[in-house]
Amino acid sequence: MSYTDTQLKAIKELLFKITDDQLIIGHRNSEWTGLGPILEEDIAFSSIAQDKLGQSLALYNLLHDLDEKTPDELAFMRNEKEFKCCHLVEYPNGEYDFSLVRHFLFSHSENLRFELLAESSFEPLTKIAKKLKGEIKYHVMHADTWLKQLGGGTEESNLRIQKALNNSFNLALGIFEPGDFENELSDMKVFEGENVLQNRWIEIIKPIIESSNLLLPDKSLWNPSYGGRKGHHTEHLQLLLNEMAEVFRIDPEAEW
Amino acid sequence: MITKEEILTALEDVKDPEIPTISVVDLGIVTDVKIDEANSVSVTLTPTFAGCPALKILENLVKERISRLDVASINVKTTFDVPWNTDMITEKGRKMLKKHGLAPPPMHKGIIQIEVLKYVKCPYCESTNTELKTPFGPTLCRSMHYCHNCLQAFEQFKPVG
């Protein structure tokens with residue numbers, strides 16, 4: 001199948017935001033390695049990080065097939081303005097409560113996104129989506145288990161998770177910032193659109209949140225943190241990129 | 001001319017670096033073998049997990065093993081064309097996992113619920129009086145469990161759809 005320039009641009013915009021999200025949250029999750037509150041959580045966050053980085057590699061490879069730079073160059077040599085990740089994934093890990101709630105909110109959106117993309121008309125992406133959604137299922141399962149345990153745990157654990165949820169919810173809504181090519185993507189049947197995805201996400205997470213003795217923030221408080229998809233980021237992203245790319249940039253030609 | 005069967009037989013020697021009892025063939029990751037008129041061989045692998053660190057090593061091991069056969073050239077690539085799932089592990093592969101002390105993944109036919117992780121059959125005593133400790137283990141493909149019957153911690157090669 002051949003695409004017009006605009007269509008190709010639309011597909012690339014979609015791929016970049018998905019894979020940039022995965023790379024950055026993968027990096028954040030990897031920062032729990034050695035620091036997890038219990039050994040199992042240390043391993044879980046490290047494994048989830050490894051999955052997300054592998055998944056971002058699969059999509060950077062696909063972008064490379066579409067004439068973008070190599071995965072290493074895309075991951076390590078771009079500056080913050082060129083990244084299309086949402087603000088949610090950029091924030092430092094903070095306490096475990098924030099990291100866990102972020103992981104819950106993000107992984108559910110990712111799971112549903114790849115379910116939609118598994119039906120995409122863009123075949124190279126469909127194949128990858130079919131594979132990745134099987135992996136992400138475990139991320140969601142892990143997040144749900146802990147949300148239920150801590151939401152339904154002690155007064156303190158419940159309060160802390162509720163607070164983390166209140167603090168991260170508008171950041172999470174930023175995942176669904178509309179792109180410049182929503183109509184093109186849905187006309188081509190490549191992707192149904194951020195609005196559809198956000199509605200599905202609310203439908204799925206609401207009952208899980210409520211059965212965990214927690215409350216979804218009221219709609220009157222929703223104020224999505226947009227800008228990431230257009231290259232406008234929080235102050236945290238460039239610092240993360242500096243650290244993540246530090247070794248690679250010393251010698252970009254080195255063989256590893 | 002070499003045959004596809006000969007290639008697959010040779011590839012039974014190539015074991016998963018993380019689980020050395022199971023071959024790439026029994027793991028189900030060899031998704032295509034092509035031989036052209038010039039006796040050049042192309043092998044397609046599919047990743048178990050996108051983040052599996054053994055992907056490059058596996059490509060090289062496959063290449064090395066086939067280069068010892070009478071072939072003109074060998075090309076190995078890894079693609080998502082046939083997405084891997086644990087139902088692709090052969091019967092023999094399941095036995096080999098067990099031999100390595102890993103509970104084999106149940107056949108799931110595309111539907112995986114958390115329940116399949118809960119009462120996994122212990123690879124040592126066959127009891128299902130077991131408990132899921134965590135869905136993440138020492139490698140991406142394993143979950144960790146505990147058997148209340150023989151009081152033994154064990155791992156499962158977890159089902160992936």
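The values are calculated or read from the model by the stated rules, or taken from the named source; none is laboratory data. Because the structure is a prediction, the values reported are computed rather than measured. With ideal geometry, Cβ positions are generated from the backbone for all residues, glycine too; neighbour counts draw on all protein chains shown. The area values use the complete protein model at the heavy-atom level, side chains included, leaving out ligands, DNA and RNA. Shrake-Rupley method; radii C 1.70, N 1.55, O 1.52, S 1.80 Å.
Numerical summary
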item: Checklist (1) surrounded by fewer than 16 Cβ atoms within 10 Å (Cβ to Cβ); (2) at negative phi applied to B:GLY101, failing item; result: (2)
item: Of residues in region B:89-109 being in contact (Cβ under 8 Å) with a residue 24 or more places away in the chain and out of contact with any helix residue (DSSP H, G or I) (no Cβ under 8 Å at 6 or more places or on another chain), the one farthest from the other protein chains (Cβ to nearest Cβ); result: B:LYS99
item: Among residues of region B:16-56, those that are touching a residue at least 40 places away in the same chain (Cβ under 8 Å), under 30 Å from B:PHE136 (Cβ atoms) and surrounded by 14 or more Cβ atoms within 10 Å (Cβ to Cβ), counted; result: 16
item: Selected residue [away from chain B (no Cβ under 14 Å), over 11 Å from the mean Cα position of the chain (by Cα) and either at pLDDT below 95 or open to solvent by less than 60 Å² (accessible area, probe 1.4 Å) (or both)] from A:PHE106, A:PHE83; result: A:PHE83
item: Residue count for region A:165-190, restricted to those that are within 30 Å of A:TRP146 (Cα to Cα) and assigned to a loop (DSSP other than H, G, I, E, B); result: 1
item: Verdict on A:LYS52 being within 14 Å of another protein chain (Cβ to nearest Cβ), surrounded by 19 or more Cβ atoms within 10 Å (Cβ to Cβ) and either in contact with a strand residue (DSSP E or B) (Cβ under 8 Å, 6 or more places away or on another chain) or among the basic types (Lys, Arg) (or both); result: yes
item: Residue ID - most open to solvent (accessible area, probe 1.4 Å), chosen from residues in region B:61-83 that are within 14 Å of chain A (Cβ to nearest Cβ) and out of contact with any helix residue (DSSP H, G or I) (no Cβ under 7 Å at 6 or more places or on another chain); result: B:LYS77
item: Neighbours by Cβ (under 9 Å, 6+ apart or cross-chain): first from region A:30-59, closer than 14 Å to A:HIS103 by Cβ; second among the basic types (Lys, Arg); result: A:SER30/A:LYS52; A:ALA49/A:ARG28
item: Conditions (1) open to solvent by 50 Å² or more (accessible area, probe 1.4 Å); (2) over 26 Å from A:GLY231 (Cα atoms): number failed by A:ILE205; result: (1)
